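K.L.:
Below is a structure I'd like to ask you about.
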Amino acid sequence: MFICVIREIRGEFISNYSVLDAARNNALWCDAVGRAHGAVGVFHDALWLSFGDMPRFYPNAVTLTPDGAAEQMAHIAELAAARARFAVKGSFANLDLRPLDCAVLLEATWLARPGDAPPPPATGDQWTIVGDAAELAVWEGAWAGLPPGLSWPGPEHIFPAALLAEPGVVFLAGRRNGKLVAGAVLNETGPVVGLSNVFTALFAPAGAAAECYIGAVALAGQLFPGRPLVGYERGDDLTLARQAGFQPIGKLRVWAR
């Protein structure tokens, strides 16, 4: 029931994607970010789990299967006993964590884009790979909404330079007239490539948001030809992703205490 069949009438291709693939891809990305901050995680059969201090916006647990609720709840109860504050990404929107004093933080939609889908139209932005720590710091500054060229300082730093050496992880930067105006992250895991942290800078010109997903998808297609893309979005970003060829394949829910 968690398989979405996407049909493209003109190209006559059929591609199957599972929320299982998208959830594991996302858990591996969360694991990489956690390890970069010293918050080592563990993969169990039914979920990924970290008892460490995860950076802002990143959960302490990601469920990996719609089954195994008893195992998932047992591990999450251990997490609740060990930490006053934590977050859990319920990848299948089927857990109720209210008994652990949690509340729903957000709901979103899992997405997939076929690997053999036609490439998106060209945009006016130039997309490249972030190559070093200095460029990553500027990238994160733009991601965080800072003025042009400034780096993100202090304890809120989320993307350490160690992530540049993480296998399968690629940071993308979109520039217009030489200025970084957009960005995204790719992480390759098994059959799929995750696309996350898609953003346009606060100072980006009008229309940049509509082109951001298209530019990121185009470069992803060059770096990982023929590979399906997965991710999740909500609100206006969900609309932009669908305009770039993504289709919904399931729902997720993030709980927090």
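K.L.:
Is segment 57-137 best put as rounded, prolate or oblate by its Cα gyration tensor, with a ≥ b ≥ c the root eigenvalues, rounded for a/c under 1.5, and otherwise prolate when a/b is larger than b/c, oblate when not?
P.N.:
prolate
K.L.:
Same structure, new question: Please give the per residue accessible area of the chain, computed with a probe of 1.4 Å over protein heavy atoms only, in Å².
P.N.:
With all protein chains present, the chain gives 46 Å² per residue.
K.L.:
To the nearest 0.05, what FRET efficiency results for ARG242 and ALA70 with a Förster distance of 41 Å applied to their C-beta separation?
P.N.:
0.70
K.L.:
Give me the percent of the accessible area of segment 111-248 that comes from carbon and sulfur atoms, probe 1.4 Å, all protein chains in place.
P.N.:
Ligands and nucleic acids excluded, carbon and sulfur give 57 percent.
K.L.:
So what is the 222 nm mean residue ellipticity for the chain from helices alone, if each DSSP H run of at least 4 adds -39500 (n - 2.57) and you divide by all residues, rounding to the nearest 500 deg cm²/dmol?
P.N.:
-8500 deg cm²/dmol
K.L.:
Please turn the phi angles of segment 50-62 into ³J(HN,Hα) values with the Karplus equation 6.51 cos²θ - 1.76 cosθ + 1.60 (θ = phi - 60°), one per residue in order, whole Hz, x for glycine and proline.
P.N.:
3J(HN,Hα) across segment 50-62, in whole Hz: 9, 8, x, 7, 6, x, 3, 6, 10, x, 8, 8, 9.
K.L.:
Quick one: of the DSSP bridges fully inside the chain, what percent are antiparallel, nearest 5?
P.N.:
Percentage antiparallel, nearest 5: 90.
K.L.:
Right, here's the next one. For ALA77 and THR128, calculate 0.36 nm times their separation in residues minus their Cα-Cα distance, and state this gained length in nm to one decimal.
P.N.:
Contour length minus the Cα-Cα distance gives 14.1 nm.
K.L.:
So, one more: For the ranges 139-148, 81-90, 94-103, what's the packing order if you count other beta-carbon atoms within 10 Å of each residue, average per peptide, and put the highest first?
P.N.:
Ranking the peptides 139-148, 81-90, 94-103 by packing returns 139-148, 81-90, 94-103.
K.L.:
For a quick protection proxy, order the peptides 243-255, 112-124, 21-33 by their average other-Cβ count within 10 Å, most packed first.
P.N.:
Answer by packing, highest mean first, reads 21-33, 243-255, 112-124.
The values are calculated or read from the model by the stated rules, or taken from the named source; none is laboratory data. Since the model is a prediction, treat every value here as computed from it, not as a measurement. Here Cβ is always computed from backbone atoms with ideal geometry, including for glycine, and neighbour counts include all displayed protein chains. The protein model used for the area step is the full one, side chains on, heavy atoms only, and it has no ligands, DNA or RNA in it. Shrake-Rupley method; radii C 1.70, N 1.55, O 1.52, S 1.80 Å.
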